[in-house]
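**Student:** Have a look at this one before I ask anything.
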Amino acid sequence: MNKQIKFYKYQGTGNDFVMIDNRDLEFPQSTELIEKLCDRRFGIGGDGLILLENDDSPRQNADDFAPTLKGDEKSDFKMVYFNSDGNESTMCGNGGRCIVAFAHFLDIFEDQTTFDAIDGLHRAEIKNGIVKLKMIDVIDINNDGEDFVMNTGSPHYVKYVEMLNNYNVFKNGNEIRNSPTYKAEGINVNFVEALSDKEIFVRTYERGVEDETYSCGTGVTASALTFMDKNNQTSVAVKVLGGKLKVYAEKNGAGFNNIWLEGPASQVFSGTISI
């Protein structure tokens, strides 16, 4: 007999995810099943699948991350993220914003929260459908020729181009992602065009999805940091195919801290599916 599961579909600037409340730990974490659920023709469809679970892991230095946590208290929930290929993956910024909106919908918190993800604890707040998510600190920004490489919770390659609207993101992104340097571990590839001294346009080829997505939160963050580093700024507006985001950060030596990703996140629909 098939099992019925309840799911919710969320999107953040067009980056879309299948959300499942897995606090009862009954969802079978099968790579094949997750890949099928993310399939846009044979499943629900999404750039990834996210499980919301209880966080049963006490934090030793919790107050370094969030003032609401003391001693061995727990965060409000845990985020477990899978790419559309069915494999568990590193941090997803837009997925993080969407799970905050999902947790708010489930009445897990009121307006501010702290949750656990694969790269550690994240603080977040939500107001009128806009989610502001604190990202991990970036220690440094590395160079690959004229381009940039860094980890913003996931590994990212940043390349500045002109006429990004007409740029072949799939072809060029796939080539960099599968180049000898990055093929083994994979890397997300971001192409950036400066629109003004306060705004950039970003398009991203995502590993695990192996295609361009409408938006990539950790990629937007990486791209914004390179722009802020060059222009000595503390914030920048970011245009993506799926809308607009904003990134805030403070320079700290060769890197950045107090990094926040801000933008809309909303529920699109919900339903049940047989698995």
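**Student:** Is it the case that Val236 is touching a helix residue (DSSP H, G or I) at 6+ places or on another chain (Cβ under 8 Å), in a strand (DSSP E or B) and closer than 18 Å to Ile141 by Cα?
**Tutor:** Spelling it out, Val236 is indeed touching a helix residue (DSSP H, G or I) at 6+ places or on another chain (Cβ under 8 Å), in a strand (DSSP E or B) and closer than 18 Å to Ile141 by Cα.
**Student:** While we're on this one: Could you check, for region 150-160, whether at least one of its residues is over 28 Å from Asp56 (Cα atoms) and either part of a loop (DSSP other than H, G, I, E, B) or at pLDDT below 95 (or both)? Let's see the steps before the verdict.
**Tutor:** Here is the first cut: in region 150-160, the ones over 28 Å from Asp56 (Cα atoms) are 150, 156-160.
When the remaining residues are screened for being either part of a loop (DSSP other than H, G, I, E, B) or at pLDDT below 95 (or both), the result is none.
Looking for residues that are over 28 Å from Asp56 (Cα atoms) and either part of a loop (DSSP other than H, G, I, E, B) or at pLDDT below 95 (or both), one finds none in region 150-160, hence no.
**Student:** Is it fair to say Lys3 is under 27 Å from Asn258 (Cβ atoms) and either modelled with pLDDT under 95 or touching a Pro at 6+ places or on another chain (Cβ under 6 Å) (or both)?
**Tutor:** Numbers: under 27 Å from Asn258 (Cβ atoms): no; either modelled with pLDDT under 95 or touching a Pro at 6+ places or on another chain (Cβ under 6 Å) (or both): yes.
In short, no.
**Student:** Follow-up question, since we're still on this one. Is region 253-261 home to any residue that is over 13 Å from the mean Cα position of the chain (by Cα), more than 16 Å from Ile136 (Cα to Cα) and in the same structural domain as Glu162 (by TED's automatic domain parsing)?
**Tutor:** The answer is no, given that none of the residues of region 253-261 is over 13 Å from the mean Cα position of the chain (by Cα), more than 16 Å from Ile136 (Cα to Cα) and in the same structural domain as Glu162 (by TED's automatic domain parsing).
**Student:** For region 238-256, name all the residues that are surrounded by 15 or more Cβ atoms within 10 Å (Cβ to Cβ) and either over 20 Å from Ser196 (Cβ atoms) or among the small types (Gly, Ala, Ser) (or both).
**Tutor:** Those that are surrounded by 15 or more Cβ atoms within 10 Å (Cβ to Cβ) and either over 20 Å from Ser196 (Cβ atoms) or among the small types (Gly, Ala, Ser) (or both): Gly242, Gly243, Ala249, Lys251, Gly255, Phe256.
The values are calculated or read from the model by the stated rules, or taken from the named source; none is laboratory data. Given the structure is predicted, the values throughout are model-derived calculations rather than measurements. When we count neighbours, we look across all protein chains shown, and the Cβ atoms used for this are built from the backbone with ideal geometry, even at glycine.
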